[in-house]
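Shown next, in structure tokens, is the structure this report addresses.
Read-outs throughout are calculated quantities, based only on the coordinates presented, and are distinct from any laboratory measurement. Note that this is a predicted model, so its numbers are computed, not measured. Methodologically, a virtual Cβ is constructed for each residue, glycine included, from the backbone with ideal geometry; neighbour enumeration extends over all protein chains shown.
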Amino acid sequence: MCGHFIMVTRDALDDIVREVEMNRAYNPMPDWPAVRQSAYPGTEAPLIVFDEGALKPSLMKWGFEVAWSKGVIFNTRSETALEPGGMWAESVNRRRCIVPTLGFFEPHRSEVFASPRTGKQIKQPYLFTMPGSPLFFLAGVFEAGRFSLMTTEPNATVAPVHDRMPLALAQNEAATWLSGDFASLFDRRATPLVAQKATL
């Protein structure tokens, strides 16, 4: 499951919306942003929704509170999301969003290292980015000020590290997720990603 990604600033969101509307790639300066902010479940993060025929920037909290779980539910499995009567069916069909990111993290299933903060052995995190594009999107669903990230089977880059991955979208796929044949994007086997070891 994806529980950590690098979010963009709210200030950048309007520019990103404008480029998505014009179907142009968002090409920030090489050192953008000066400070990279991490998002975890419970974090308020900038995202984009398609509402009343227009793209709109928004801030929403990552994760849904449900009565049957002590924590929030922050991932949505694409394989079961459209099941009739399921928890996610209406949101996937009517309330999809895209979350701009500079990369997402997954912990390795077996590789460990000593935490620089505590010295304890922890799972080695890997950072996944999209080659040739500092900015890409994570597909999500939202409701009442909260969102969840869609997840799917891992592609060849993520599979050696983790058994799930977020539904990562290239910039030119954003419009399809928001207002097109979104289910065609569930298969991410051809999505190019680069993995590198990270220290958190």
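For the range 101-139, which positions are farther than 18 Å from Thr157 by Cα, loosely packed, with under 10 Cβ neighbours inside 10 Å and among the polar types (S, T, N, Q)?
Passing the criteria: only Thr118.
For the subset of the range 59-95 comprising residues that are hydrophobic (A, V, I, L, M, F, W, C) and within 20 Å of Glu44 (Cα to Cα), which member is farthest from the chain's Cα centre (by Cα)? Even if it seems obvious, please write down each step before you answer.
Initial filter on the range 59-95 (hydrophobic (A, V, I, L, M, F, W, C)): 59-60, 62, 64, 66-68, 72-74, 81-82, 87-89, 92.
In the following step, the residues that additionally are within 20 Å of Glu44 (Cα to Cα) were identified as 59-60, 62, 64, 66, 72-74.
Values: Leu59: 14, Met60: 13, Trp62: 10, Phe64: 15, Val66: 21, Val72: 16, Ile73: 14, Phe74: 10 Å.
Applying the filter and picking the extreme gives Val66.
State yes or no: is Ser148 of a type in the set (S, T, N, Q) and crowded, with 22+ Cβ neighbours inside 10 Å? Break it down into steps so the answer makes sense when it comes.
Numbers: of a type in the set (S, T, N, Q): yes; crowded, with 22+ Cβ neighbours inside 10 Å: yes.
When the stated conditions are applied, Ser148 passes them.
Six or more apart or on different chains, Cβ atoms under 6 Å: show the pairs whose first residue is in the range 121-143 and touching a residue at least 40 places away in the same chain (Cβ under 8 Å) and closer than 20 Å to Thr199 by Cα and whose second is hydroxyl-bearing (Ser, Thr, Tyr) and not in a strand (DSSP E or B).
none
Would you be able to tell me the number of residues in the range 130-185 that are farther than 21 Å from Lys56 by Cα, among the polar types (S, T, N, Q) and in contact with a Lys or Arg (Cβ under 9 Å, 6 or more places away or on another chain)?
Keep residues of the range 130-185 that are farther than 21 Å from Lys56 by Cα, which gives 130-134, 151-166, 183-185.
Next, only the ones that are among the polar types (S, T, N, Q) stay: 133, 151-152, 155, 157, 184.
Subsequent filtering for residues that are in contact with a Lys or Arg (Cβ under 9 Å, 6 or more places away or on another chain) retains 151-152, 155.
Qualifying residue count for the region: 3.
Got a sec? Which strands (runs of 3 or more DSSP E) wholly within the range 104-200 have at least 2 residues that are over 15 Å from the mean Cα position of the chain (by Cα)?
The qualifying strands (runs of 3 or more DSSP E) are 121-129, 194-197.
Which residue pairs have Cβ atoms closer than 6 Å, lie 6 or more positions apart in sequence or on different chains, and pair a first residue in the range 176-200 that is within 18 Å of Ser78 (Cβ to Cβ) with a second residue that is among the small types (Gly, Ala, Ser)?
Trp177/Ala139; Phe186/Ser78; Thr191/Ala168
Residue by residue, here is whether (1) touching a residue at least 60 places away in the same chain (Cβ under 8 Å); (2) among the charged types (D, E, K, R); (3) at positive phi holds:
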position: Arg77; (1), (2), (3): yes, yes, no
position: Thr80; (1), (2), (3): no, no, no
position: Pro84; (1), (2), (3): no, no, no
position: Arg95; (1), (2), (3): no, yes, no
position: Leu102; (1), (2), (3): yes, no, no
position: Pro107; (1), (2), (3): no, no, no
position: Val112; (1), (2), (3): no, no, no
position: Pro116; (1), (2), (3): yes, no, no
position: Gly119; (1), (2), (3): no, no, yes
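May I ask you to list the residues in the range 18-58 that are surrounded by 12 or more Cβ atoms within 10 Å (Cβ to Cβ) and aliphatic (A, V, I, L, M)?
Within the range 18-58, Val20, Ala25, Ala39, Ala45, Leu47, Ile48, Val49, Leu55 meet the criteria.
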